[in-house]
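Written below as structure tokens is the structure these notes are about.
The values are calculated or read from the model by the stated rules, or taken from the named source; none is laboratory data. It should be emphasised that the depicted structure is a prediction, and the values quoted were computed from it without experimental measurement. Cβ coordinates were reconstructed from backbone atoms using ideal geometry, including for glycine residues, and neighbour counts include every protein chain displayed.
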Amino acid sequence: MGSLGSQRHFDRVHEHITDALAHGATVLTGGNARPDLGPWFFEPTVLTNVTPAMLVHSRETFGPVVWVQRVRSDAEAIVAANASDYGLHACVWSTDRRRARAIARLIRCGSVTINEGYGAITAAPAAPMGGMRTSGIGRRHGAEGLLRFTESQSVAVQRLMGHGIPSGFTEKGFVQISNGLLRLKQALRLS
């Protein structure tokens, strides 16, 4: 695992872990800065006893920090996963892939991996990436990522008729034909 990206990033990770410990979380592993490896290194950290009142639960940490939460059912796990305002990425771990896929479909995150951390999503350039709810700033990768940087425009050229009522038609007759064509278009589901 590499370094964090800046002092500000390091400070946020440290603040979230310090806050969690001050409010009763337990460190299973990690939890320490590693200045011997560089100024912004932080050990991968696993926490338990995390509550919604803690920063690590209610804000995006973007650091090597996760917490383990025991639940009694799939439904309770889904509720817990969706309890945050954020939804960038989730991981579902299970020996039953069908069950894991069913759970993944109900988690409100931009991406969900099954039995894998994050690499399968980042290694798939055709897969759109980005968060849901207040997480992220849109999509990147895939068609959705490309469309994010486009702006559509419609250009139409009238080739069959000019403007106004064509010669040989009365206004009433033209309106009736136009309305009939619109109804036909709708019936054919062309609009």
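Looking only at helices (runs of 4 or more DSSP H) that fall completely inside the range 83-151, which ones have 2 or more residues that are more than 24 Å from residue 68 (Cβ to Cβ) and at pLDDT below 70?
Result: 142-147.
When you scan the range 20-39, do you find a residue that is in contact (Cβ under 8 Å) with a residue 40 or more places away in the chain and charged (D, E, K, R), even just one?
No, the range 20-39 contains no residue that is in contact (Cβ under 8 Å) with a residue 40 or more places away in the chain and charged (D, E, K, R).
Select from the range 26-42 the residues that are out of contact with any Asp or Glu (no Cβ under 9 Å at 6 or more places or on another chain) and not in a loop (DSSP other than H, G, I, E, B) and list them in ascending order.
Within the range 26-42, the first condition is being out of contact with any Asp or Glu (no Cβ under 9 Å at 6 or more places or on another chain), and the residues that meet it are 26-28, 35-42.
Matches in the range 26-42: 26, 27, 28, 42.
Look at residue 80 and say whether it is out of contact with any Pro (no Cβ under 8 Å at 6 or more places or on another chain) and exposed (fewer than 12 other Cβ atoms within 10 Å of the Cβ). Reasoning before the result, please.
Values: out of contact with any Pro (no Cβ under 8 Å at 6 or more places or on another chain): yes; exposed (fewer than 12 other Cβ atoms within 10 Å of the Cβ): no.
Here the answer is no, as residue 80 does not meet what is asked.
Regarding the range 8-25, can at least one residue be identified that is more than 22 Å from residue 135 (Cα to Cα), assigned by TED's automatic domain parsing to the domain that holds residue 131, in a loop (DSSP other than H, G, I, E, B) and out of contact with any strand residue (DSSP E or B) (no Cβ under 7 Å at 6 or more places or on another chain)?
yes
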